[in-house]
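**Student:** Handing you this structure, nothing more for now.
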Amino acid sequence: MSTPERPSRPGPAAQRTASSGGTVPGLAAAPAFTLTMPPRLRLPVLVAVPHAGRAYPPAVTARMRDAGLAQLRLEDRHVDRLGVAIARETGAALLVAHAPRALLDLNRAEDDIDWDMIEGGRPADMPAPEPGQRSNARARSGLGLVPRRLPGSGEIWRGRLAPAELAARIEGIHRAYHTALEEALTRICAEWGAALLVDLHSMPPLRAGEGEARAPVVVLGDRFGASCHNALVARGLSHLEARGVPAALNRPYSGGYVLDRHGAPRSRVHAVQIEVCRAAYLDRHLAEPGAGLPAIAAMLADLVRELGAEAALLGGAEGLRQAAE
């Protein structure tokens, strides 16, 4: 049985503006996320951490075939610590999900459901997806809205999930989180003339590709140009290259539902996914914080400053005025 950890939060000044929202079904009144908005943003940036949640209801871990393995593989383990450090150093807003990915994946669409794992299957009044639609695309691989199986490990769960439990997770976690995210980005955009969402994740160690001296430590994703202005990723990649940080763009991770839903460059809301190698900041078991965490946090904070400065430029006169104050 896992004991929920107390959510990580930025320092004392930011705590005064932290607000929690949503609910984790089956865990008393535990919040699904915490949003921290500094008294005054120094950059038009919101850092979001959707996959590091560790608030596991006991009934959920009891249904897992191998709880320890599933948690280790599904979580972006301790990447919330990087998010906290980035927000503290840059003055960005911060949204951290406490609900675990095992309960519900915030980077999947609401309808990306494997109905074979739900009691009673697909509701009779729910139309099947049209051929060619992306609906249920990730569910078919076992990693949909509620993850069902892990590559190389098989099924995660014993038994099926009750429809009422699925509905409670969607309402208390998914809808609440994305509503809070959308409202925060709207507020930032109104203040600065533009807003940037940095969707922060961690990835297993990659192998060096053909022609690469080292495997990427950071992968930036912009949905192949759809989720943000190209000046943002160009500035980010140039910044990393100048500092000798191996990086890649959209390969093998281009972003997912979060970027699809919230990235709207024509409305001056930009979204970038950052994947950071777990071996760079965790121990050799990729389970607990390692000696490299402070350096990686500092590197990411510098990157977010660069991205935030570019977002301020994209905000035009209002963004430049705010940045100069």
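**Student:** Among the numbered criteria (1) in a helix (DSSP H, G or I); (2) modelled with pLDDT of 95 or more, which one does Arg140 miss?
**Tutor:** With (1) in a helix (DSSP H, G or I); (2) modelled with pLDDT of 95 or more applied to Arg140, the lone miss is (2).
**Student:** Name the pairs whose Cβ atoms lie under 7 Å apart, with the first residue in segment 90-116 and free of Cβ contacts under 8 Å to residues at least 60 places away in the same chain and farther than 16 Å from Leu259 by Cα, the second among the small types (Gly, Ala, Ser) and outside any loop (DSSP other than H, G, I, E, B), and 6 or more positions between them or separate chains?
**Tutor:** Listed by first residue and then by second, the contacts come to Ala102/Ala70; Ile113/Ala139; Asp114/Ala139.
**Student:** Right, next: Test of understanding: among Ala271, Ala231, which residue is at pLDDT 95 or above and assigned to a helix (DSSP H, G or I)? Don't jump to the end; show me each part of the working.
**Tutor:** Details: Ala271 fails: assigned to a helix (DSSP H, G or I).
Every option except Ala231 fails the conditions.
**Student:** Residues of segment 245-259 being within 15 Å of Ser227 (Cα to Cα), touching a residue at least 40 places away in the same chain (Cβ under 8 Å) and either over 12 Å from the mean Cα position of the chain (by Cα) or surrounded by fewer than 19 Cβ atoms within 10 Å (Cβ to Cβ) (or both), which ones? Working first, answer last.
**Tutor:** Here is the first cut: in segment 245-259, the ones within 15 Å of Ser227 (Cα to Cα) are 249-250, 253-259.
Among the residues that remain, those that are also touching a residue at least 40 places away in the same chain (Cβ under 8 Å) are: 253, 255-259.
Matches in segment 245-259: Tyr253 only.
**Student:** A further question on this structure: Given the conditions (1) assigned to a loop (DSSP other than H, G, I, E, B); (2) modelled with pLDDT under 95, report the number of the one that Ala14 does not fulfil.
**Tutor:** (1)
**Student:** For segment 181-215, enumerate the residues that are assigned to a loop (DSSP other than H, G, I, E, B), open to solvent by 10 Å² or more (accessible area, probe 1.4 Å) and at negative phi.
**Tutor:** Of everything in segment 181-215, those that are assigned to a loop (DSSP other than H, G, I, E, B), open to solvent by 10 Å² or more (accessible area, probe 1.4 Å) and at negative phi turn out to be Pro204, Pro205, Leu206, Arg207, Ala208, Gly209, Glu210, Glu212, Ala213, Arg214, Ala215.
**Student:** Tally up the residues in segment 17-26 that are assigned to a loop (DSSP other than H, G, I, E, B) and either touching a strand residue (DSSP E or B) at 6+ places or on another chain (Cβ under 8 Å) or within 9 Å of His98 (Cβ to Cβ) (or both), please.
**Tutor:** Residues flagged as assigned to a loop (DSSP other than H, G, I, E, B) and either touching a strand residue (DSSP E or B) at 6+ places or on another chain (Cβ under 8 Å) or within 9 Å of His98 (Cβ to Cβ) (or both) within segment 17-26 amount to 3.
**Student:** Continuing with this model, one more query. For segment 161-170, indicate whether the set of residues that are more than 21 Å from Gln273 (Cα to Cα), modelled with pLDDT of 95 or more, part of a helix (DSSP H, G or I) and within 20 Å of the chain's Cα centre (by Cα) is non-empty.
**Tutor:** Yes; the residues of segment 161-170 include at least one that is more than 21 Å from Gln273 (Cα to Cα), modelled with pLDDT of 95 or more, part of a helix (DSSP H, G or I) and within 20 Å of the chain's Cα centre (by Cα).
**Student:** Output the residues belonging to segment 197-244 that are within 24 Å of Glu75 (Cβ to Cβ) and hydrophobic (A, V, I, L, M, F, W, C).
**Tutor:** Leu197, Val198, Leu200, Met203, Leu206, Ala215, Val217, Val218, Val219, Leu220 - these are the residues of segment 197-244 that are within 24 Å of Glu75 (Cβ to Cβ) and hydrophobic (A, V, I, L, M, F, W, C).
**Student:** Consider Ala324 carefully, then state whether it is over 21 Å from the mean Cα position of the chain (by Cα), on the phi < 0 side of the Ramachandran plot, open to solvent by 50 Å² or more (accessible area, probe 1.4 Å) and at pLDDT 95 or above.
**Tutor:** Against the criterion (over 21 Å from the mean Cα position of the chain (by Cα), on the phi < 0 side of the Ramachandran plot, open to solvent by 50 Å² or more (accessible area, probe 1.4 Å) and at pLDDT 95 or above), Ala324 does not qualify.
**Student:** Go through (1) without any contact (Cβ under 8 Å) to a residue 12 or more places away in the chain; (2) not in a helix (DSSP H, G or I) and name the single condition Ser238 misses.
**Tutor:** (2)
**Student:** A follow-up question, please. Pairs under 6 Å by beta carbon, first residue farther than 24 Å from His285 by Cα in segment 199-216, partner crowded, with 20+ Cβ neighbours inside 10 Å and of a type outside the set (Val, Ile, Thr), six or more apart or different chains?
**Tutor:** As it stands, the answer is Asp199/Ala48; Asp199/Gln273, since those pairs meet every condition given.
The values are calculated or read from the model by the stated rules, or taken from the named source; none is laboratory data. If you're wondering where the values come from, they're calculated on a predicted model, not measured in any experiment. Positions of Cβ are generated from backbone atoms using ideal geometry, with glycine treated the same way; all protein chains shown enter the neighbour counts. Side chains are part of the model used for accessible areas, which takes the heavy atoms of the whole protein and leaves out ligands, DNA and RNA. Shrake-Rupley method; radii C 1.70, N 1.55, O 1.52, S 1.80 Å.
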